[in-house]
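What follows is one structure encoded as structure tokens, with my remarks underneath.
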There are 2 protein chains.
Amino acid sequence: MRDAYHEELDALTERLVEMTSLTRSAISRATTALLDADLQMAESVISRDAEVNAIFAEIEASIFELMARQQPVAVDLRMVITALRMGTDLERMGDLAKHVAKVARLRHPESAIPNEVRSTILEMGQIAENLVTKAGAVVATRDVDTALELGADDDAMNKLHRRLFKVILSKDWAHGVEPAIDITLIGRYYERYADHAVRVAHDVVYLVTGARPDKKD
Amino acid sequence: MRDAYHEELDALTERLVEMTSLTRSAISRATTALLDADLQMAESVISRDAEVNAIFAEIEASIFELMARQQPVAVDLRMVITALRMGTDLERMGDLAKHVAKVARLRHPESAIPNEVRSTILEMGQIAENLVTKAGAVVATRDVDTALELGADDDAMNKLHRRLFKVILSKDWAHGVEPAIDITLIGRYYERYADHAVRVAHDVVYLVTGARPDKKD
């Protein structure tokens with residue numbers, strides 16, 4: 001049986017997994033809001049970001065309380081410190097999903113996404129969901145091999161990001177500057193979302209092995 | 001006289017102040033590289049980001065070592081945990097300065113910055129420098145009043161950011177899509193740089209008062 005202290009550490013992991021689940025839902029709904037110009041969906045993403053922030057605030061508070069009371073050492077200490085870091089990344093992922101939803105809201109009832117880039121944005125959304133789903137599984141299972149797989153998905157995201165620029169910079173681009181700006185920002189939000197998901201998974205690698213995979217930015 | 005343990009904590013503060021100094025220099029030189037289309041300057045910002053990353057890696061290592069060995073409590077515990085967080089923000093600020101420099105390098109020998117937005121970018125660069133300088137002073141002195149002043153500079157940054165969009169979206173914009181994309185990304189880098197500087201200062205508020213100023217994103 002686990003003692004109360006280790007139950008608290010387990011609860012921390014559960015809260016982090018819950019954050020991955022909420023930020024996955026947020027980016028999924030933000031992508032739909034964007035592609036379908038769905039205002040209600042966009043509003044729901046924007047308002048529900050507060051839930052993610054609230055869970056993070058709870059995680060922070062419980063970590064400080066736990067550190068002060070239990071003075072964790074070795075792997076437990078690494079656990080609480082990486083939990084703080086993972087929480088910071090997940091909270092930011094919630095913000096980024098909200099930013100995507102805000103672009104959808106800004107352009108409603110029009111769509112911010114011209115036809116030429118719809119499929120690319122859809123793919124970016126799917127990869128983002130995929131990454132955060134895997135990150136959540138990695139947090140729950142501490143599976144280092146799965147954690148290291150996230151790099152490949154991130155490469156796919158970067159490739160799609162470059163494709164976006166190619167389309168908006170092509171001589172056939174007929175939509176002018178405003179949609180190009182929207183798409184530049186949206187592309188950046190998805191790409192950053194992916195980076196943070198990779199960091200969450202890599203923090204688990206650090207937690208398990210004590211070494212961090214190489215930093216990319 | 002300070003004991004060895006508190007000297008280590010002081011050294012941590014000094015390293016963080018050093019990070020603010022390096023990231024200030026980085027954004028300053030990146031702004032110059034951008035406005036003067038100075039390739040050598042851009043290259044120096046890009047290559048010297050590794051210094052910031054190296055200091056952060058040292059800070060991280062010494063914090064883990066210190067926590068394992070000394071098991072800090074109360075305000076000392078808050079100090080090392082906020083130091084980790086401040087280091088993360090400062091490291092990101094180095095990345096963002098590098099991103100600005102990379103746009104300058106990409107467009108060299110042309111300038112990425114058309115005349116209509118030069119003064120706005122210059123001001124954004126100055127506010128970014130101002131913010132990181134104040135953040136460094138706040139880290140060194142733990143002055144809460146100064147820390148809370150950073151919000152006003154950040155508002156000024158957001159105002160300039162909106163002005164940028166106004167220019168690139170005006171009907172007089174004659175430069176087409178590519179410079180608009182560059183400026184969208186550059187504007188975002190400065191704005192994020194400012195956000196991270198504010199977070200560093202607000203972490204000091206948390207360290208001193210135990211309460212965090214309201215989150216903005």
Considering only the stretch B:155-169, I want to know if a residue exists there that is of a type in the set (K, R), over 22 Å from B:A140 (Cβ atoms) and surrounded by 18 or more Cβ atoms within 10 Å (Cβ to Cβ). no
Scan the stretch B:99-107 and tell me whether some residue there is modelled with pLDDT of 95 or more, closer than 17 Å to B:A197 by Cα and part of a helix (DSSP H, G or I). yes
Give the number of residues within the stretch B:16-35 that are without any contact (Cβ under 8 Å) to a residue 60 or more places away in the chain and not hydroxyl-bearing (S, T, Y). 1
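Conditions tested, residue by residue: (1) facing chain A (nearest Cβ under 9 Å); (2) out of contact with any Leu (no Cβ under 7 Å at 6 or more places or on another chain); (3) among the aliphatic types (A, V, I, L, M).
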position	(1), (2), (3)
B:P179	no, yes, no
B:G187	no, no, no
B:Y190	no, yes, no
B:A197	no, no, yes
B:H202	no, yes, no
B:V208	no, yes, yes
B:A211	no, yes, yes
Taking B:I183, is it buried (at least 17 other Cβ atoms within 10 Å of the Cβ), in contact (Cβ under 8 Å) with a residue 60 or more places away in the chain, of a type in the set (A, V, I, L, M, F, W, C) and not in a helix (DSSP H, G or I)? no
Restricting to the stretch A:92-110, name every residue that is surrounded by 23 or more Cβ atoms within 10 Å (Cβ to Cβ), within 11 Å of another protein chain (Cβ to nearest Cβ) and within 30 Å of A:H6 (Cα to Cα). A:G94
Give the number of residues within the stretch A:108-125 that are in a helix (DSSP H, G or I) and in contact (Cβ under 8 Å) with a residue 12 or more places away in the chain. 9
Hey, does the stretch A:102-115 have a residue that's under 14 Å from A:V17 (Cα atoms) and either in contact with a Ser or Thr (Cβ under 7 Å, 6 or more places away or on another chain) or among the hydrophobic types (A, V, I, L, M, F, W, C) (or both)? no
Let me confirm something: among A:I81, A:I113, which residue is away from chain B (no Cβ under 12 Å) and among the hydrophobic types (A, V, I, L, M, F, W, C)? A:I113
Residues of the stretch A:45-71 being in contact (Cβ under 8 Å) with a residue 24 or more places away in the chain and over 20 Å from A:V17 (Cα atoms), in sequence order, are A:I46, A:Q70
Checking the condition at pLDDT 95 or above, more than 30 Å from A:A174 (Cα to Cα), touching an Asp or Glu at 6+ places or on another chain (Cβ under 7 Å) and assigned to a helix (DSSP H, G or I), which residue from B:H196, B:H161, B:H202 passes? B:H196
By residue number, the members of the stretch B:193-217 that are surrounded by 19 or more Cβ atoms within 10 Å (Cβ to Cβ) and basic (K, R) are B:R199
Working carefully through the options A:A30, A:A50, find the one that is in contact with a helix residue (DSSP H, G or I) (Cβ under 6 Å, 6 or more places away or on another chain), in a helix (DSSP H, G or I) and of a type in the set (A, V, I, L, M). A:A30
Of the listed residues (A:A128, A:A135, A:A156, A:A140), the one being in contact (Cβ under 8 Å) with a residue 12 or more places away in the chain, within 18 Å of A:L34 (Cα to Cα), in a helix (DSSP H, G or I) and in contact with a helix residue (DSSP H, G or I) (Cβ under 7 Å, 6 or more places away or on another chain) is A:A128
May I ask you to verify whether B:I55 is closer than 30 Å to A:Q71 by Cβ, surrounded by 17 or more Cβ atoms within 10 Å (Cβ to Cβ) and over 18 Å from the mean Cα position of the chain (by Cα)? no
For A:V167, are the conditions met, namely being at pLDDT 95 or above and of a type in the set (V, I, T)? yes
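The values are calculated or read from the model by the stated rules, or taken from the named source; none is laboratory data. Worth saying up front: this structure is predicted, and the values here are computed from it rather than measured. Virtual Cβ from ideal backbone geometry, glycine too; neighbours counted across all protein chains shown.
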